[in-house]
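Here is the structure we will look at.
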Amino acid sequence: MENILITGGTGNLGQTVVKKLSDHGYHLHLAVRKAVGDHAENVSYYQTDVSDSGQAEALVGKIATGKVTIHTGVFLAGGFEPGDLAKTSIDDITRMINMNFATAFNVAQKLIAHYKTVGGGKLIFVGAKAAMDSKAAGNSLAYSLSKQLLYHYSELINESEKRAGITSHILLPGIIDTATNREAMPDADFSQWISPNLIAQTIENIIAGNESKDVIKF
């Protein structure tokens, strides 16, 4: 049974991803900010703050004890804030980077060190299609900058670590069709939004070796 480490697994997208991977028989290790009760079948919870490097290191060390190998890291933790160039402060940018980039960077860095001892592994990040479009990105500057960091970080990992059997993948969805987004944008055309199930299936395809692209756009 492969071991998958997931951040943000209790969020709107995360719940769909967790169900998909659990149904496929993977053993999931979820980093959560708040206690959620006892472990479920094939799912273990670890209360921690992965925006803190020390806690991220302790998390990976706790999971990868004995002969346990972590095969994939899936990074779903994050958040969104609007704000154009005129209204965005450096504090806004710092907050979005901590939420969307640091939570992934800290764990991925520790996983890379682990992967080098076990012959490789996979990293899966979730960016944003709009963040890569300069015309759209300006309406959510801090958020877009944090997601652009994820994109370039994934590129750098592939450039430097593929020889070690480590691959990084980043998904670039448009607006994800979640209850939270529908409530925030009730007049939008939901038919143009991206299904969480599609994203979850894509993540499972990467883990199973049925999808090898480094960048996947929806």
Practice prompt. Using only Cα atoms, tell me the angle between helix 141-161 and the longest principal axis of the chain; keep it within 0 to 90° and round to the nearest 10.
Written response: 40
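Could you give the length gained on full extension between S160 and T180, defined as 0.36 nm per residue of separation minus the Cα-Cα distance, in nm?
3.5 nm
How do 90-99, 9-18, 180-189, 155-164 rank on mean C-beta neighbours within 10 Å, highest first? Can you show the working numbers first?
On the way: 90-99: 15.9, 9-18: 20.8, 180-189: 10.6, 155-164: 13.5.
Sorting 90-99, 9-18, 180-189, 155-164 by mean packing, highest first, produces 9-18, 90-99, 155-164, 180-189.
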Discussion item. Would you report the distance distribution of C-alpha pairs in the stretch 136-217 as whole percents per 10 angstrom bin, up to the bin with the largest distance?
Written reply: 15, 37, 34, 12, 2
Discussion item. Computing the accessible area with a 1.4 Å probe over protein heavy atoms, can you report the carbon and sulfur percentage for the chain?
Written reply: 50
Worksheet item: Hey, rough spin-label estimate for H152 and A113, points 7 angstrom out along Cα→Cβ, what's it come to in nanometres?
Response: 2.5
Practice prompt. Would you calculate a helix-derived [θ] at 222 nm for the chain, using -39,500 (n - 2.57) for each DSSP H run of n ≥ 4 and dividing by the full residue count, to the nearest 500?
Written response: -12500 deg cm²/dmol
Practice prompt. Mind giving me the nanometre distance, one decimal, between the label points for D23 and F218, set 7 Å out from Cα along Cα→Cβ?
Written response: 1.5
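I'm a student and want to see the number: the projected area of the Cα convex hull of the stretch 82-131, averaged over all directions, in nm².
Values: hull surface 17.2 nm².
With the hull built on Cα positions only, its mean projection is 4.3 nm².
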Worksheet item: Kirkwood hydrodynamic radius (Cα pairs, Å) of the stretch 89-180?
Response: 14.0
Item to complete: For a label point 7 Å from the Cα of Q192 along Cα→C-beta, name the residues of the stretch 125-145 whose backbone N is under 14 Å from it.
Response: 130, 136
Worksheet item: Mean separation of Cα pairs under 8 Å and 6+ residues apart, divided by the residue count of the chain: what relative contact order is that in percent?
Response: 20
Worksheet entry | Accessible area per residue in Å² at 1.4 Å probe, computed on the chain | 50
Discussion item. If you wrap a convex hull around the alpha carbons of the stretch 4-123, what volume per residue comes out, as a whole number of Å³?
Written reply: 117
Discussion item. Per residue, how big is the convex hull of the stretch 38-197 when only Cα atoms are used? Give it in Å³.
Written reply: 144
Worksheet item: Using alpha carbons only, how many degrees (0 to 90, rounded to 10) separate the axis of helix 53-63 from the longest principal axis of the chain?
Response: 40
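The values are calculated or read from the model by the stated rules, or taken from the named source; none is laboratory data. All figures in this text were calculated on a predicted structure; none of them were measured in a lab. FYI the Cβ positions are ideal-geometry reconstructions off the backbone, even for glycines, and counts take in every protein chain you see. Ligands, DNA and RNA are excluded from the accessible area calculation, which covers all protein heavy atoms including side chains. Shrake-Rupley method; radii C 1.70, N 1.55, O 1.52, S 1.80 Å.
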